[in-house]
Amino acid sequence: MKYEKWSLGYWFLNQYVAFIDWIIHNKKIIVGKENIPKDKPILFAPNHQNALSDPMAVLLNTPFQPVWLARADIFKKGIVSTLLRFLKIMPVYRMRDGKENLSKNDKTFTDSIKVLKNNCALALFPEAAHTGKRQMISHKKAVPRIVFMAEEKADKNLDIHIVPTGIYYSHYWKFNRNLIVNFGKPVKVNDFLDEYKENPNSATLLLRQKLYEAIEPLVINIKSKEYYKDFEAIRETYGKHHLRRKNEKYSILNLFYSDQQLANELDVIGTEKPEETAAIVDECNRYLKAIRKHKLRNWLIVNPNHNFIKNWFKQTFVVIRFTRFPFWVCI
């Protein structure tokens with residue numbers, strides 16, 4: 001399969017998935033599309049929190065047919081391997097896949113160079129694992145290694161741009177959720193090539209750190225491991241009030257930015273004021289316990305003027321449009 005070629009079959013599948021995606025989400029907000037270069041080879045580098053929803057968030061909201069790099073062990077079964085390749089997913093072999101298989105990466109890197117030379121897009125999760133949390137984990141070295149090897153094999157003439165990408169869901173699994181996809185300013189691999197020539201390991205670490213720092217402002221990142229669940233509960237409970245205290249108008253995007261600030265403030269308090277943190281966490285837990293005891297929902301208290309009738313009609317319309325869609329066309 002020529003991954004760098006535009007695929008009609010992939011496009012048709014994309015349209016079907018895009019419709020399902022439209023049904024699933026209440027609102028989608030795309031920020032920073034102007035940061036995606038139009039005439040450069042690109043590697044999208046998103047945070048990874050929500051399994052298969054994350055690649056969908058990227059590929060359905062860019063003009064490209066991104067080619068994804070994924071661990072090779074998911075390609076073991078023949079029919080699965082065929083499907084994954086049709087979906088423009090290429091295998092990357094690791095030491096744990098067997099030393100004898102590492103040479104198979106040569107084809108993957110050759111195909112990656114073809115994709116990049118044609119000013120198409122690769123995509124890879126720097127964290128190499130999804131967390132199911134609003135918490136970034138340390139990046140692996142895969143992205144720097146791949147772009148440096150690609151530049152090396154192409155005599156450093158590619159000028160690869162890495163596009164840091166932040167993905168945010170109002171809920172990870174609930175129907176009718178909101179989605180924000182945040183494209184940051186690209187990180188230019190050329191800026192690290194001189195260092196790579198002198199010290200490849202140092203350049204790899206520098207690019208990895210630069211990419212982490214570029215993605216972090218695009219997401220909500222609750223750093224505390226000890227208080228993660230508590231801080232997330234506080235964000236969900238207090239988030240809209242925090243926005244109102246800033247005298248800012250409610251919008252999905254404004255709430256996201258406010259929640260970012262709130263998460264950062266909680267992390268600072270958690271680090272610098274442990275006693276105050278314990279008191280805040282205890283107060284939040286007592287509040288949540290009280291509303292559970294009385295079988296109340298937090299949103300009823302946070303937003304007492306909620307329009308039940310409007311919401312009922314909206315949900316009913318979503319269900320109708322969902323059930324009327326002819327899913328049998330794929331059978």
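Scattering from the stretch 231-299 was approximated by placing one identical point on each alpha carbon and applying the Debye formula without solvent; log10 I(q)/I(0) at 0.18, 0.19, 0.21 1/Å stands at -0.75, -0.82, -0.94. In the chain, taking the dipole from charged Cβ atoms about the Cα centre, the farthest positive-side position among 15, 271, 61 is held by 15.
Computing FRET efficiency as 1/(1 + (r/R0)^6) for residue 289 and residue 206, where r is the C-beta to C-beta distance and R0 is 56 Å, gives about 0.75.
For the pair residue 191 and residue 7, the difference between a 0.36 nm per residue extended length and the Cα-Cα distance amounts to 63.0 nm. Averaging the Cα positions of each part gives two centres, and for the stretch 224-270 and the stretch 44-98 these lie 32 Å apart. Couplings for the stretch 224-237, taken from phi via the Karplus curve 6.51 cos²θ - 1.76 cosθ + 1.60 with θ = phi - 60°, read 5, 7, 5, 10, 3, 4, 5, 5, 5, 5, 5, 4, 5, 7 Hz in order; Gly and Pro are left as x. At full extension, residue 177 and residue 198 could sit 2.8 nm farther apart than now, given 0.36 nm per residue minus the alpha carbon distance. Computed over the chain, the per-residue total of -39500 (n - 2.57) for DSSP H runs of n ≥ 4 gives a 222 nm mean residue ellipticity of -15500 deg cm²/dmol, rounded to 500. Between residue 51 and residue 114, the modelled labels are 3.2 nm apart [label points 7 Å from Cα along Cα→Cβ]. Which value, in nm² and rounded to one decimal, describes the direction-averaged projected area of the C-alpha convex hull of the stretch 1-144? That works out to 9.6 nm², a quarter of the Cα hull's surface. Under 1.5 on a/c is rounded, so check that first for the stretch 61-152, then, if it is not, pick prolate when a/b is larger than b/c and oblate when it is not; a ≥ b ≥ c are the square roots of the alpha carbon gyration tensor eigenvalues. The shape class here is rounded. The packing ranking, built from the mean of other Cβ atoms within 10 Å per residue, places the peptides 52-64, 159-171, 262-274, 77-89 in the order 159-171, 52-64, 262-274, 77-89, highest first.
On the basis of the beta-carbon distance and an R0 of 41 Å, residue 253 and residue 100 show a calculated FRET efficiency of 0.25. What angle, in degrees between 0 and 90 and rounded to the nearest 10, separates the Cα long axis of helix 8-24 from the longest principal axis of the Cα atoms of the chain? Result, in degrees: 10.
Helix 252-272 and the long axis of the chain differ in direction by around 90°, with both axes built from C-alpha atoms.
A crude spin-label estimate for the pair residue 30 and residue 278, with each label 7 Å from Cα along the Cβ direction, gives 4.9 nm.
Model label points for residue 39 and residue 213, set 7 angstrom from Cα along the Cα-to-Cβ axis, are 3.0 nm apart.
Bear in mind these aren't lab numbers, they're just calculated from the coordinates by the rules spelled out. These numbers come from a predicted model, not from an experiment. Don't worry about glycine lacking a Cβ; one is built from the backbone with ideal geometry, like all the others, and counts go over all protein chains shown.
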